[in-house]
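So the structure is just underneath, and the comments pick up after that.
The values are calculated or read from the model by the stated rules, or taken from the named source; none is laboratory data. No experiment lies behind these values; they were computed from the predicted model shown. Reconstructed Cβ throughout: ideal geometry from the backbone, glycine too, with neighbour counts over all protein chains shown. Side chains included, ligands, DNA and RNA excluded: accessible areas come from the protein's heavy atoms. Shrake-Rupley method; radii C 1.70, N 1.55, O 1.52, S 1.80 Å.
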Amino acid sequence: MRTITLFDTLQGKEREFIPLSEGKVDIYYCGPTVYNYVHLGNFRPTVTFDLLSRVMREVGYEVRLVSNYTDIDDKIIKQAKLEGKSEKVLSEFYIKAYEDCLDQLNITPLYCHPKASEYITKMASFIHQLEEKGDAYQSGEDIYFRVSSVKDYGCLSKQNIKDLISGARIDVSDKKESPLDFALWKLTDDDGIKFDTEIGRGRPGWHTECVCMVNGVFQKHLIDIHGGGFDLKFPHHENEIAQSEAMYGTKLANYWMHCGFLLTDGVKMSKSLGNSILAKDVLQRHLGNGVRLFFLTTHYRSPVNYTEENLDSMDKLALRYLSSIRKADYKLQLNSMPEGQLLKEDYDQFLDALCHDLNVANALTVFDREIKEINTLSMKKDCDYARLGSLVFTLKKFSDILGLSFQYDALTEEDKKLYQEFQEAREQKNFQRSDELRPLLMEKGIL
Ligand code: AMP
Ligand code: ZN
């Protein structure tokens, strides 16, 4: 199988990807907390891991790609109260809104989209076991994870325990043994959503939710790849690793991948900072392909700045690609030429670039080179149709791998007749008629 290398945050370097089971790969990335419409930044991991799964499938892996919905969270309780709805009704509403955006972005359906609320029994039993092993303790109304139970806490975010402790906010009234300990479960009878479980009535903490969903969905204590945005490295992913390490002696995933931030005016886009641009609004103003290209054209680990101008130019690029491929495809059909074959050398160069830690920029140089060539060939009256056919075929393949969906109407009999008439008018030097037909054919994308 083709070699894939990925930047692994845990080992701090790019590493060759070796699957746990031959030919198979299990990937989990942290999804949104569904208390509001998600902002555009929340889709950066979504697009990145969708691309990764497409590349891995192309290489030949059987991929199980999973992302969760955090539907139990204090922010959800607060928002549900504000909107006068139950937490369930509120989160289902925003899950539906998120899923509408997934469709517009041409995201491949996931293997599974678990919700935290579906794994409560599993979480309670997980926490109970941690308590029994001495890795968790109850203090006041909370059950905490005892960070001192794990040897290498800080391994993911590359911080040592001493620095972390001195940097932590120490509250005099804190009930924790160490300021680094984190809540696994809140024992409560308040009016927020809560569950009766073997460890008492209450609700789980976010860090336990993801560990239990990973274990539950994949039925494994170690998967291949776990990811999310940079902000999740600490404390969320660090705390996921700590729990998994304490419970099973694994780091939960073999590779940890993190995406850079989407910025607004140089600052991370975030609901709490109030600088969010909602994804649903962006997708009303811009093309799904344009938004995808907006993310893809910057390497997934680098920051990317949101501007309407950037998105506009990506829409234009997407339309240019569409029009070039469509025109060439129509030309083949109008001349009864077959589609052609994969251009192997270009394909290898394209896929190798993507296999190199998702180097989309290098892959796009191959894509752009081919677009340039079909533009030249499409303009010629008589061209090398075999070459044009192969370019169209290969570009369609590349588009699928990048998740760009270039759809256009099939040519009708009427279109074919119009084109025929146009050609005849030109041959007969009937320029009045060919001038009449030209704009019609251009509008249809044929010329
Ligand atoms: P949240 O709903 O805040 O838990 O975020 C859901 C996912 O979106 C996580 O993987 C975050 O890391 C990611 N995320 C949130 N804000 C941004 C941003 N501005 N840029 C990139 N990713 C983000
Ligand atoms: Zn998570």
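General remarks:
- Residue 276 vs. criteria part of a loop (DSSP other than H, G, I, E, B) and away from ligand 2 (no atom under 16 Å from the Cβ): yes
- Candidate set from region 349-360 (those that are in a helix (DSSP H, G or I) and open to solvent by 40 Å² or more (accessible area, probe 1.4 Å)); member that is nearest to residue 394 (Cα to Cα): 349
- Selection of region 333-348 for residues being open to solvent by 70 Å² or more (accessible area, probe 1.4 Å) and within 30 Å of residue 13 (Cα to Cα) yields only 345.
- Where strands (runs of 3 or more DSSP E) fall wholly inside region 193-248, the ranges with 1 or more residues that are within 11 Å of ligand 2 (Cβ to nearest atom) and open to solvent by less than 50 Å² (accessible area, probe 1.4 Å) are 223-229.
- The set of residues from region 126-168 being open to solvent by less than 40 Å² (accessible area, probe 1.4 Å) and closer than 17 Å to residue 186 by Cβ comprises 126, 127, 130, 136, 137, 139, 142, 143, 144, 145.
- Flag for residue 121 being part of a helix (DSSP H, G or I), crowded, with 21+ Cβ neighbours inside 10 Å and modelled with pLDDT of 95 or more: no
- Pick from region 30-87, criterion of a type in the set (Asp, Glu) and free of Cβ contacts under 8 Å to residues at least 60 places away in the same chain, ranking: nearest to ligand 1 (Cβ to nearest atom): 71
- Only one of the listed residues (424, 414, 373) is assigned to a helix (DSSP H, G or I), surrounded by 16 or more Cβ atoms within 10 Å (Cβ to Cβ) and acidic (Asp, Glu). That residue is 373.
- Out of 48, 33, sole residue that is in contact with a Cys (Cβ under 6 Å, 6 or more places away or on another chain), within 25 Å of residue 159 (Cβ to Cβ) and of a type in the set (S, T, N, Q): 48
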